[in-house]
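So the structure is just underneath, and the comments pick up after that.
The values are calculated or read from the model by the stated rules, or taken from the named source; none is laboratory data. Predicted, not measured: the structure shown is a model, and the values here were computed from it. No Cβ is skipped: glycine too gets one built from the backbone with ideal geometry, and neighbour counts run over all protein chains shown.
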Amino acid sequence: MKIIVRILYFALPFFVLSCAASKTPSRVIIEKPKLTAASCEEANRLVNKSIQTMGYTLTSYTLAAPGRAGRFEATKEKAMGGIVTVSCSDSGANINAQNAGALSGLLGAGERPHHFVNSFPVTFQMLKQREAYEAKNPETGTLQFSIVPLDNFASQNVLGSDIQSSGILPVRITITNNTPRPYAIEASRIFLVPEGGGRVAPVSSPGGGSSLQDMTIEPGQSASGFLYYPAGNYSSARTSVIDKENNEREGFSVQF
């Protein structure tokens with residue numbers, strides 16, 4: 001009996017250790033952050049901007065809208081292409097990226113087969129966060145002018161149609177007054193400068209739609225709207241505003 005007791009005594013610890021060593025470790029699952037946007041328009045714009053920032057070319061697209069899925073196909077030389085899908089509603093949008101197709105030629109130096117699907121979420125989030133930061137931290141003491149001609153993609157995304165096909169260039173105007181002084185804005189004096197020189201005044205909006213109007217923008221206010229110009233190649237925009245406190249005119253120039 002003594003011999004049997006000793007055998008059980010030494011065998012038990014060995015049995016316990018063996019069970020602990022063979023226990024399957026718990027799985028750790030790391031999920032990629034979900035990409036979202038506040039609206040269909042924002043999602044479409046940020047997807048397009050992300051694709052361009054990554055050095056890809058947007059070859060075909062369907063803009064997302066409430067009740068209609070968005071799909072964006074991107075390609076890049078010597079790299080695997082990508083597809084971005086957008087599902088959205090009036091309350092927001094969800095974005096998903098995936099690789100698409102085979103490599104278009106040999107891999108370039110440092111190019112990875114899964115470059116698109118891995119880099120797109122990072123680029124999208126970076127652009128979204130940068131825009132949010134700039135919106136919350138405006139440059140103080142300045143009157144800021146943003147004058148942005150819309151390409152075909154932006155025109156369809158923002159205005160719902162490709163206005164350029166009718167010979168009209170839509171331009172988004174945004175003015176933010178971070179100064180302590182009120183300024184008068186004259187929409188008819190916001191000129192585009194052609195590459196060959198001169199200046200072009202805005203024309204009537206197509207279809208009788210609304211355009212940016214003359215206004216006085218008070219300290220702390222922002223205003224945004226659209227002006228329309230004959231389609232063409234423009235290098236910059238010029239305008240002037242009136243300081244309402246001393247009635248002096250100040251000039252602005254914006255390079256495209």
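Give me a count of the residues in the range 184-204 that are over 30 Å from the mean Cα position of the chain (by Cα) and not charged (D, E, K, R). Of the residues in that region, 4 qualify. Report the residue count in the range 233-252 for those that are closer than 20 Å to S155 by Cα and touching a strand residue (DSSP E or B) at 6+ places or on another chain (Cβ under 6 Å). So the answer is 4. Counting only residues that are of a type in the set (A, V, I, L, M) and within 24 Å of the chain's Cα centre (by Cα), which one in the range 213-232 is nearest to D151 (Cα to Cα)? For the range 213-232, the residue satisfying everything is L227.
For every residue, the table says whether it meets (1) part of a loop (DSSP other than H, G, I, E, B); (2) of a type in the set (A, V, I, L, M); (3) touching a helix residue (DSSP H, G or I) at 6+ places or on another chain (Cβ under 8 Å).
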position	(1), (2), (3)
G141	yes, no, no
S146	no, no, no
S155	no, no, yes
V158	no, yes, yes
S161	yes, no, yes
Q164	no, no, yes
P170	no, no, yes
I175	no, yes, no
T179	yes, no, no
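Among the residues of the range 196-212, those that are surrounded by 11 or more Cβ atoms within 10 Å (Cβ to Cβ) and assigned to a loop (DSSP other than H, G, I, E, B) comprise R199, A201, P202, S205, G209, S211, L212.
Reported count of residues in the range 69-96, each being under 15 Å from the mean Cα position of the chain (by Cα), buried (at least 17 other Cβ atoms within 10 Å of the Cβ) and β-branched (V, I, T), is 3.
One residue stands out among those in the range 182-195 that are assigned to a loop (DSSP other than H, G, I, E, B) and at pLDDT 95 or above: the one that is farthest from L169 (Cα to Cα), which is P182.
Within the range 238-251, residues that are within 17 Å of V193 (Cβ to Cβ) have Cβ atoms under 9 Å from residues that are surrounded by fewer than 10 Cβ atoms within 10 Å (Cβ to Cβ) and not hydrophobic (A, V, I, L, M, F, W, C) in these pairs: R238/G251; T239/G251; S240/G251, counting only partners at least 6 apart in sequence or on another chain.
For the structure I just gave you, tell me whether A184 is under 15 Å from I147 (Cβ atoms), touching a residue at least 12 places away in the same chain (Cβ under 8 Å) and not aromatic (F, W, Y). It is false that A184 is under 15 Å from I147 (Cβ atoms), touching a residue at least 12 places away in the same chain (Cβ under 8 Å) and not aromatic (F, W, Y).
Within the range 75-97, is even one residue at pLDDT below 95 and aliphatic (A, V, I, L, M)? Yes, the conditions are met somewhere in the range 75-97. Can you tell me which residue in the range 112-134 is nearest to the chain's Cα centre (by Cα), limited to those that are over 18 Å from T36 (Cα atoms) and loosely packed, with under 15 Cβ neighbours inside 10 Å? Checking each candidate, the answer is E134.
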